[in-house]
Amino acid sequence: MRRPRLVKKLKHDSVYIVVRCIIGFFRLLPRRAALFVGGILGNMTPYVAGKDYRLTLAHLTMAFGEEKPPEEIDRLARETFRMLALNFVDTIRLARMSPVEITGISVPHNMERFHEAFKRGNGVIGLTSHTGCWEFLGMYLAAIGIPVSTIARKLYDDRFEKLLVESRASGGMKTISRGENTRDVIRALRNGELLGILIDQDMKVKSVFVDFFGKRASTATAPAMLSLRYDAPIVPIFTYRDALHRHHVCIGEQVTVERTGDMDRDVENLTAACSKAIEHFIREHPEQWVWFHRRWKTQPEA
């Protein structure tokens, strides 16, 4: 038993050292140079990560096979990896960026929807996804004075977890570990904060099956349950990168459904509406989402 544990520890230590070196390298470079290198690495990724590339093609074909030709789907697949690399570069540089630098490369849209939602006084549930530079999204909102807490899964290595939490904290964001510190979730809403939740991945949490790109997908019910229980509005918040490497912060219309009095049904209906809002944004910017994630892995039993 000791040998496998030792091998696993050495593997984790090696990965940590490599990642720290990569972080240090990109933080030393000016942003333009760092993005140039990141773009090259992103273009190379489909040739190196063949399994993820094929999975990306399969998921894009499932979602857009009847709308887009194979060559367009292949272009989107390759662009997905380039965008991911560019957003990774910006993510690891966030801890070194000032609020002025962050807002300087941001383009906000429909912020009045955000301010309207806060008037209710019950906090706001920020519905978002792994689209664009999602870590940048929270840092931008914190930079303009919005109190932000985000629910996130703890990383497998405590050292990586510490790096990520410290990076968020440097910009004024608070991290609430998923499945832990439930009181902090409720406290954030009662304090009138923005509570960021990502539900676009297959997670081992309380979920229901709702439609996502025409196929049933196991989707976390946390935003719906919190909204219905604490009367907190759900506002979609997404970001995407443009050709000039600016991050567009897009605020969608509040996600609402008519209440039936049946809590389980209301949770499912509201979760379905949340999933539809996420799908709508991804359809507008398909190259910005992480298509290699096994989103439809869990399926209902026959």
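Give me a count of the residues in segment 58-75 that are surrounded by fewer than 19 Cβ atoms within 10 Å (Cβ to Cβ) and aliphatic (A, V, I, L, M).
Residues of segment 58-75 surrounded by fewer than 19 Cβ atoms within 10 Å (Cβ to Cβ): 58, 61-62, 64-72, 74-75.
Among the residues that remain, those that are also aliphatic (A, V, I, L, M) are: 58, 62.
Summing the residues that are surrounded by fewer than 19 Cβ atoms within 10 Å (Cβ to Cβ) and aliphatic (A, V, I, L, M) in segment 58-75 gives 2.
For segment 243-302, a residue qualifies if it is over 16 Å from the mean Cα position of the chain (by Cα) and aliphatic (A, V, I, L, M), and the qualifying residues are A243, L244, V255, V257, M263, V267, L270, A272, A273, A302.
Check segment 207-226 and report whether any residue there is in a loop (DSSP other than H, G, I, E, B), touching a Lys or Arg at 6+ places or on another chain (Cβ under 9 Å) and surrounded by fewer than 22 Cβ atoms within 10 Å (Cβ to Cβ).
Initial filter on segment 207-226 (in a loop (DSSP other than H, G, I, E, B)): 213-214, 221.
Keeping just the survivors that are touching a Lys or Arg at 6+ places or on another chain (Cβ under 9 Å) gives 213, 221.
Checking which are surrounded by fewer than 22 Cβ atoms within 10 Å (Cβ to Cβ) leaves us with 213, 221.
Checking segment 207-226: at least one residue is in a loop (DSSP other than H, G, I, E, B), touching a Lys or Arg at 6+ places or on another chain (Cβ under 9 Å) and surrounded by fewer than 22 Cβ atoms within 10 Å (Cβ to Cβ).
One residue stands out in segment 92-109 among those that are of a type in the set (S, T, N, Q) and not in a helix (DSSP H, G or I): the one that is farthest from R241 (Cα to Cα), namely S98. Scanning segment 45-57 for residues that are in a helix (DSSP H, G or I) and surrounded by fewer than 15 Cβ atoms within 10 Å (Cβ to Cβ) returns Y47, V48, G50, K51, R54. Put simply, of A77, A85, A49, A63 the only residue that is over 30 Å from L164 (Cα atoms) and under 22 Å from the mean Cα position of the chain (by Cα) is A63. Going by the conditions given, is L127 at pLDDT 90 or above, surrounded by 21 or more Cβ atoms within 10 Å (Cβ to Cβ), farther than 23 Å from S170 by Cβ and not hydroxyl-bearing (S, T, Y)? Answer is yes for this residue. Within the option set R96, R153, R168, being closer than 30 Å to Y16 by Cα and more than 19 Å from the chain's Cα centre (by Cα) holds for one residue only, R96. Checking the structure you have, find out if any residue of segment 186-195 is part of a strand (DSSP E or B), modelled with pLDDT of 90 or more, under 17 Å from the mean Cα position of the chain (by Cα) and surrounded by 15 or more Cβ atoms within 10 Å (Cβ to Cβ). Within segment 186-195 (the criterion being part of a strand (DSSP E or B), modelled with pLDDT of 90 or more, under 17 Å from the mean Cα position of the chain (by Cα) and surrounded by 15 or more Cβ atoms within 10 Å (Cβ to Cβ)), the answer is yes, since at least one residue qualifies.
Taking segment 127-150, which residues are assigned to a strand (DSSP E or B) and either acidic (D, E) or more than 11 Å from the chain's Cα centre (by Cα) (or both)? Before you say what the answer is, go through the steps one by one.
Going residue by residue through segment 127-150, those that are assigned to a strand (DSSP E or B) are 127-128, 131, 148-150.
Result: V148, S149.
The condition of being in contact with a helix residue (DSSP H, G or I) (Cβ under 9 Å, 6 or more places away or on another chain), farther than 21 Å from F136 by Cβ, in a helix (DSSP H, G or I) and of a type in the set (K, R) holds for only one of R78, R82, that being R78. On the stretch given as segment 235-274, residues that are among the hydrophobic types (A, V, I, L, M, F, W, C) and closer than 25 Å to E135 by Cβ total 10. Of the numbered criteria (1) in contact with a Ser or Thr (Cβ under 9 Å, 6 or more places away or on another chain); (2) surrounded by fewer than 22 Cβ atoms within 10 Å (Cβ to Cβ); (3) touching a residue at least 60 places away in the same chain (Cβ under 8 Å); (4) not β-branched (V, I, T), the one G252 fails is (1).
Going by the structure shown, is R159 touching a residue at least 60 places away in the same chain (Cβ under 8 Å), over 18 Å from P223 (Cβ atoms), surrounded by fewer than 20 Cβ atoms within 10 Å (Cβ to Cβ) and charged (D, E, K, R)? Lay out the reasoning, then the answer.
Working: touching a residue at least 60 places away in the same chain (Cβ under 8 Å): yes; over 18 Å from P223 (Cβ atoms): yes; surrounded by fewer than 20 Cβ atoms within 10 Å (Cβ to Cβ): yes; charged (D, E, K, R): yes.
The answer is yes for R159.
Here is a yes/no grid of residues against (1) touching a His at 6+ places or on another chain (Cβ under 8 Å); (2) over 30 Å from G65 (Cβ atoms):
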| residue | (1), (2) |
| --- | --- |
| F136 | yes, yes |
| M139 | no, yes |
| K162 | no, yes |
| L195 | no, yes |
| K204 | no, no |
| D211 | no, no |
| G214 | no, no |
| A220 | no, no |
| I234 | no, yes |
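Of the residues screened, E166 is not one that is in contact with a strand residue (DSSP E or B) (Cβ under 8 Å, 6 or more places away or on another chain), of a type outside the set (G, A, S), surrounded by fewer than 22 Cβ atoms within 10 Å (Cβ to Cβ) and farther than 21 Å from W289 by Cβ.
The values are calculated or read from the model by the stated rules, or taken from the named source; none is laboratory data. Computed from a predicted model, the values in this text were never measured in an experiment. Ideal geometry is used to build each Cβ from the backbone, glycine not excepted, and the neighbour counts take in all protein chains shown.
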